[in-house]
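Participant: The following block contains the structure, expressed as structure tokens.
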Amino acid sequence: MEKEKINIRFGVLSLVVLLAAFSRLIPHPPNFAPIGAMSLFGAAYFSRKYLAFIVPVVAMWLSDLVLNNVIYGQYFDHFVWFYGGFYWTYAAFIFIGLVGFGLLKKVRPAKLLIASLLASVVFFLISNFGVWASGTMYPHTFPGLITCYAAGLPFFKNTLIGDLAYSGALFGIFEFVQYKAPVLRNSA
């Protein structure tokens, strides 16, 4: 019975993360995405820490496959397994998970708010650094890095709003469902 409860919880947690990842396919403002929330959610609820990374990363990658080969397929002349610079996005994703491990040992609204805000900052810093470091759009100088960060600022607002909205939705819905279905309270 205990193993069945763990499998049910794991399945529900994985489904929530997968649905969040595939919500990226719904039209939305630039950078209004569940990336930070998915990573925080995984860190908060998967008791096996490796799953807190694997499940969100695989869900993100699957949604990237659809995005890059169906939604944005006309921009590529071949099937895209990984887009250029993906490692910066995924590195940010992993660092956000580490923030979640540190702040969300017990899920509390104030800690979730702080973690969501930090998730936005981490994503902004790492992803824009990646644009600067691996691209040719900005000179590889300190002023070039600052220019890259300045160019990313208009997108930061949507990242922040997206992380707050998706974190509120994912955590709120799961906490409610967990309250209504005690079988989900076991660790996975």
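Please treat every number below as a calculation from the coordinates, not as lab data. Keep in mind that this is a model prediction, so the values were computed, not measured. Neighbour counts are summed over all protein chains in view; Cβ atoms, including those assigned to glycine, are modelled from backbone coordinates with ideal geometry.
Participant: Want the number for Ile54 to Ser134: 0.36 nm per residue separation, take away the alpha-carbon distance, what's left?
Facilitator: 26.3 nm
Participant: Mind jotting down a quarter of the surface of the convex hull over the alpha carbons of the chain, in square nanometres, one decimal?
Facilitator: If I average the Cα hull's projected area over directions, I get 11.3 nm².
Participant: Which net charge results when you count Lys and Arg as +1 and Asp and Glu as -1 among the other residues whose beta-carbon is under 15 Å from that of Ala37?
Facilitator: That works out to 0.
Participant: Measuring from a point 7 Å past the Cα of Leu98 along Cα-to-C-beta, which residues in region 124-138 have an amide N at less than 13 Å?
Facilitator: 126
Participant: For an R0 of 22 angstrom, estimate the FRET efficiency from the Cβ-Cβ distance between Leu153 and Leu117 and round to the nearest 0.05.
Facilitator: According to the calculation, E is roughly 0.90.
Participant: In addition: Relative contact order for the chain: what is it in percent, counting Cα pairs under 8 Å that are at least 6 residues apart?
Facilitator: RCO, the chain: 33 percent.
Participant: Given a Förster distance of 45 Å, report the FRET efficiency between Phe86 and Val183 from their Cβ-Cβ distance, rounded to the nearest 0.05.
Facilitator: Plugging the Cβ-Cβ distance into 1/(1 + (r/R0)^6) gives 0.80.
Participant: Here's another thing I want to ask about it. Are there DSSP H segments in the chain that both extend 24 Å or more along their axis (alpha-carbon positions) and score a mean Kyte-Doolittle hydropathy of at least -1.0? List them, or say none.
Facilitator: Helices meeting the span and hydropathy rule in the chain are 2-22, 49-66, 86-103, 109-134, 142-180.
Participant: Add +1 for every Lys or Arg and -1 for every Asp or Glu among the other residues with Cβ under 15 Å from the Cβ of Gly84, and state the total.
Facilitator: Summing Lys/Arg as +1 and Asp/Glu as -1 gives -2.
Participant: Here's a follow-up. Considering only Gln178, Ser63, Leu112, whose Cα is most displaced toward the positive end of the charge dipole of the chain, charges sitting on Cβ of Lys, Arg (+1) and Asp, Glu (-1)?
Facilitator: Gln178
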